[in-house]
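Visitor: Supplied in structure tokens, the structure appears directly below.
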Amino acid sequence: MGIQRYNPLTNSLVFPVVLWVLAFGFSLSIGSSEYALGDIIAGAFHSMLQGDDLQNPSDLAVAGTIFWQARLPRTLLVCGVGALLAAAGVLSQGLFRNPLASPSVFGMEAGATLAGVIAMVALPSAVHWFGIPLFATVGALAVTCLLLSLSYKLDLGVGSLLLVGVALGSFLAAATSFIITLSIQDSTRTAILMRWLLGGFSGRGYEYLPMIVIPGILGVLVLGKSLAALDLLSLGETTAASLSVELKALKIRIVLVLGLWLGGAVAVAGTIPFVSLVVPHLSRIWFGPHHRRLLLGSMIQGMTLTLLADAVGRRIMAPAEIEVGIITSLLGAPLFLWILLKSGTWTSLREDRRA
């Protein structure tokens, strides 16, 4: 095997970072008010330097309030959720050694969503702040562990595991709908739950940032140096074990990180499909298979995709909003079919059916 040369065009982070910066600025420029991005930024600096005159607010003061209290926290949350979902997709694909092993396709997000709905229905509002992320984390962990157990005990191939994941996700989605149906007498709570299930950031503020930051930091600490071990795992479990990779400990760490990251993302934004599938796959084409660069690149591109989806959802029917989950579903479904055909899984399923 020859030495792979560094290609600045296909391996550099510069272009993805530039796209993310542009998407970040575009997101800040989108809102229900008519203030342009330049006015918003000018108002932000005005608020920093002179403060806000609540008795006689100027246009700059109003623009600054919109920036600090509405657009900036929402944009930060969108970035955090996009980064966590994309990173979770990289880890799940590395763990299962399968380009289709997305948390959204395999039912992991559905497990987190079901657990989050249970928390929202069963727990009083006083404990929602930590209850929803905790329940969502446990839900994602449970589904991931179940899939791992089935894949090893039943020796499932790629196609069979995909079908199991889709069926499991459908069952969990039905259970979520059933719980919402039970609480339909409370129309206000039902409306909140339904809007949360669509996946979006409407009404989210700074108080939601810890739900992203804390699981993100904890996940990085738990992950440690596992990315190099994931590179070896991609060669096969036998090869990885012969190279001193502790497979059991590695899988436990990856599952814990998946639960933390998915739990945080779902707690903030609900279900946002296909980000965890599409972004890692496209990033692998751009950055290559090594997980350290792939994880960082996927997080950047996950932020960009989610920012653009949120901005488009706010712009198309302004002042009304289309939830981010709807936009990502419209974009992700055809891309999923393309990945399915390209990966050869569709062919293997047809061969299994013929046999």
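Visitor: Just subtract the alpha-carbon distance of Tyr152 and Val62 from 0.36 nm times their residue separation and send over the number in nm, one decimal.
Guide: 26.6 nm
Visitor: Packing-wise, with mean Cβ within 10 Å as the measure, how do 179-189, 267-277 rank, highest first?
Guide: The peptides rank, most packed first, as 267-277, 179-189.
Visitor: Can you give the relative contact order of region 138-292 as a percent, counting alpha carbon pairs under 8 Å and 6+ residues apart?
Guide: 34
Visitor: At what distance in angstrom do the alpha carbon centres of region 147-205 and region 222-251 lie from each other?
Guide: Between the Cα centres of region 147-205 and region 222-251 lies a distance of 30 Å.
Visitor: If you count, for each residue, the other Cβ atoms within 10 Å and average over each peptide, how do 312-323, 109-120 line up from highest to lowest?
Guide: 109-120, 312-323
Visitor: While we're here: Stretch Ile184-Phe45 to full length: gain in nm at 0.36 nm per residue minus the Cα-Cα span?
Guide: Between Ile184 and Phe45, full extension yields 45.5 nm more.
Visitor: If R0 is 45 Å, what FRET efficiency do you get for Leu163 and Tyr206 from their C-beta distance, rounded to 0.05?
Guide: That gives a FRET efficiency of 0.60.
Visitor: Calculate the spin-label point distance for Ser12 paired with Met317, positioning each point 7 Å from the Cα along the beta-carbon direction, and give it in nanometres.
Guide: 4.1
All of the numbers you see were taken from the coordinates with simple rules; none came from a lab. Values in this document were obtained by computation on a predicted structure and should not be read as measured data. Using ideal geometry, Cβ is built from the backbone for each residue, glycine included, and neighbour counts are taken over all protein chains shown.
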